[in-house]
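Peer 1: Let me begin by handing over the structure; questions about it come next.
The values are calculated or read from the model by the stated rules, or taken from the named source; none is laboratory data. In this text the structure is predicted, and so the values were computed from the model without any measurement. Cβ coordinates were reconstructed from backbone atoms using ideal geometry, including for glycine residues, and neighbour counts include every protein chain displayed. Note: accessible area is taken over every heavy atom of the protein model, side chains too, but ligands, DNA and RNA are not part of it. Shrake-Rupley method; radii C 1.70, N 1.55, O 1.52, S 1.80 Å.
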Amino acid sequence: MKLIEKLGLKALHRFDPEQAHGLSIKALQNGLVPLAGPVTSARLATKIAGLDLPNPVGLAAGYDKNAEVIAPLSRAGFGFVEVGAATPRAQPGNPKPRLFRLTEDRAVINRFGFNNEGMEAIGQRLATRPTDMVLGLNLGANKDSSDRAEDFAKVLSHCAPHLDFATVNVSSPNTEKLRDLQGKEALASLLAGIMATRDSLTQPIPVLLKIAPDLTGAEIRDVAEVAKGAKIDAIIATNTTLSRDGLSSPHKNEAGGLSGVPLFEKSTRVLAQLSDITQGEIPLIGVGGIATGAQAYAKIRAGASAVQIYSALVYGGLSLAAEIAQELDRLLEQDGFATVADAVGSGREAWL
């Protein structure tokens, strides 16, 4: 991390977390953040769900909710970027405060509730995106929607022409009853409608499914079975958790989803279980608690073909993306893996 980034992070941490988030977006818009540029190698180049990635380290949804800084993010060292979540209609989300730094735990709690400017505004920005990157959109449903399945399909249909992939988000804990859509029958019905919408597109794109880390073993099996039946292109494991085990921060009891370092073990175990169940039939993307190249490598060895980061950027800055990719490259070389694909699942048993 460069000195200017260290000073910038220190300054941002003097602000309320949501204000700091907004200021970081403005800093990117105004060219005030040092950007690493492309990070790739023969070892890091990755193919997943038909997408060719320069490296397997992506940005998770939630940072660039309204697709405002796609261009600078494309130059920040990520192998792929996911923006959103987007809902059909703009909505303000939950009352503030709704974002909390748990500095002692290197974690974050949020209860945003899908605050975003809606698919029309987001779609306009997606239309001007750089083409030399892999870009996805997290699909959301309006809080007051009477048909959330239809909401996902609407956003997909509207924004797909400007995307490389889309993610069905049924795992945010901050929209009431959204996680109920992970139940076997509800999920099968939801995915059938979304995949039918995808297949009707002029240029169909991969559709990914993002799941929660708080599922039981039986529920994980159900999700895998439904995802296979629906021919989902990949599963993202996992979103934030409702668990508060082992936290020490004064904010530990705030409502919302917990992300960051405390989520690493829980999310990696879910990932490994999915990998064991699916046996390579559905590629997996590992998310939750990644702050180092070694942790990204652990996710890959647990069964992920790619990974995503977000909360770690709060503490490590945007340069962390390139640092993780570069460390991952060294670890792959050290263990004799010629590619990321060769390492996928090689350490899965340790997490089962």
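Peer 1: Name the residue, out of H158, H162, that is more than 22 Å from Q29 (Cβ to Cβ), modelled with pLDDT of 95 or more and not β-branched (V, I, T).
Peer 2: Selected residue: H158, the only one of H158, H162 that is more than 22 Å from Q29 (Cβ to Cβ), modelled with pLDDT of 95 or more and not β-branched (V, I, T).
Peer 1: Can you give me the number of residues within the stretch 1-22 that are assigned to a helix (DSSP H, G or I), surrounded by fewer than 16 Cβ atoms within 10 Å (Cβ to Cβ) and not basic (K, R)?
Peer 2: Residues in the stretch 1-22 being assigned to a helix (DSSP H, G or I), surrounded by fewer than 16 Cβ atoms within 10 Å (Cβ to Cβ) and not basic (K, R): 6 in total.
Peer 1: So which residues in the stretch 258-281 are free of Cβ contacts under 8 Å to residues at least 60 places away in the same chain and open to solvent by 10 Å² or more (accessible area, probe 1.4 Å), if there are any at all?
Peer 2: Matches in the stretch 258-281: F264, E265, K266, I277, Q279, E281.
Peer 1: A follow-up question, please. Output the residues belonging to the stretch 317-338 that are buried (at least 18 other Cβ atoms within 10 Å of the Cβ), of a type outside the set (S, T, N, Q) and assigned to a loop (DSSP other than H, G, I, E, B).
Peer 2: G317, L318, F337
Peer 1: Another question, if that's okay. Of the residues that make up the stretch 243-250, is at least one open to solvent by less than 10 Å² (accessible area, probe 1.4 Å), under 24 Å from G113 (Cα atoms), of a type in the set (S, T, Y) and outside any strand (DSSP E or B)?
Peer 2: Scanning the stretch 243-250 turns up at least one residue that is open to solvent by less than 10 Å² (accessible area, probe 1.4 Å), under 24 Å from G113 (Cα atoms), of a type in the set (S, T, Y) and outside any strand (DSSP E or B).
Peer 1: Which one of the conditions (1) surrounded by fewer than 24 Cβ atoms within 10 Å (Cβ to Cβ); (2) touching a Lys or Arg at 6+ places or on another chain (Cβ under 6 Å); (3) under 17 Å from K210 (Cβ atoms); (4) aliphatic (A, V, I, L, M) does A255 fail to meet, given that it meets all the rest?
Peer 2: For A255, the exception is condition (3).
Peer 1: Here's something else I'd like to know. Go through the stretch 71-103 and report how many residues are of a type in the set (A, V, I, L, M), open to solvent by less than 10 Å² (accessible area, probe 1.4 Å) and either outside any strand (DSSP E or B) or under 24 Å from E323 (Cα atoms) (or both).
Peer 2: 5
Peer 1: Could we say that G113 is in contact with a Ser or Thr (Cβ under 7 Å, 6 or more places away or on another chain), open to solvent by less than 10 Å² (accessible area, probe 1.4 Å), closer than 18 Å to L258 by Cα and touching a residue at least 24 places away in the same chain (Cβ under 8 Å) here?
Peer 2: Criteria met by G113.
Peer 1: Oh, and also: Restricting attention to the stretch 204-227, does a residue exist that is free of Cβ contacts under 8 Å to residues at least 24 places away in the same chain, over 25 Å from L135 (Cα atoms) and either of a type outside the set (S, T, Y) or open to solvent by 10 Å² or more (accessible area, probe 1.4 Å) (or both)?
Peer 2: There is at least one residue in the stretch 204-227 that is free of Cβ contacts under 8 Å to residues at least 24 places away in the same chain, over 25 Å from L135 (Cα atoms) and either of a type outside the set (S, T, Y) or open to solvent by 10 Å² or more (accessible area, probe 1.4 Å) (or both).
Peer 1: I've got another one for you. Out of (1) open to solvent by less than 10 Å² (accessible area, probe 1.4 Å); (2) at pLDDT 90 or above; (3) among the hydrophobic types (A, V, I, L, M, F, W, C), what's the single condition that is false for V170?
Peer 2: Single failed check for V170: (2).
Peer 1: Would you pick out the residues in the stretch 290-316 that are surrounded by fewer than 24 Cβ atoms within 10 Å (Cβ to Cβ) and without any contact (Cβ under 8 Å) to a residue 40 or more places away in the chain?
Peer 2: Matches in the stretch 290-316: T292, G293, A294, Q295.
Peer 1: For the stretch 148-175, what are the residues that are of a type in the set (D, E, K, R) and within 16 Å of the chain's Cα centre (by Cα)?
Peer 2: Once the filter is applied, which keeps residues that are of a type in the set (D, E, K, R) and within 16 Å of the chain's Cα centre (by Cα), the stretch 148-175 yields only D164.
Peer 1: Please give the number of the condition D233 fails out of (1) open to solvent by 60 Å² or more (accessible area, probe 1.4 Å); (2) within 22 Å of I48 (Cα to Cα).
Peer 2: Tallying (1) open to solvent by 60 Å² or more (accessible area, probe 1.4 Å); (2) within 22 Å of I48 (Cα to Cα), D233 fails exactly one: (1).
Peer 1: Residues of the stretch 48-68 being of a type in the set (D, E, K, R) and over 15 Å from the mean Cα position of the chain (by Cα), which ones?
Peer 2: Listed by number, the residues that qualify are D52, E68.
Peer 1: If I filter the stretch 119-133 for residues that are in contact (Cβ under 8 Å) with a residue 12 or more places away in the chain, under 24 Å from T240 (Cα atoms) and open to solvent by 40 Å² or more (accessible area, probe 1.4 Å), do I get at least one hit?
Peer 2: No; the residues of the stretch 119-133 include none that is in contact (Cβ under 8 Å) with a residue 12 or more places away in the chain, under 24 Å from T240 (Cα atoms) and open to solvent by 40 Å² or more (accessible area, probe 1.4 Å).
Peer 1: Restricting attention to the stretch 14-61, which residues are without any contact (Cβ under 8 Å) to a residue 40 or more places away in the chain and aliphatic (A, V, I, L, M)?
Peer 2: Of everything in the stretch 14-61, those that are without any contact (Cβ under 8 Å) to a residue 40 or more places away in the chain and aliphatic (A, V, I, L, M) turn out to be A20, L23, A27, L32.
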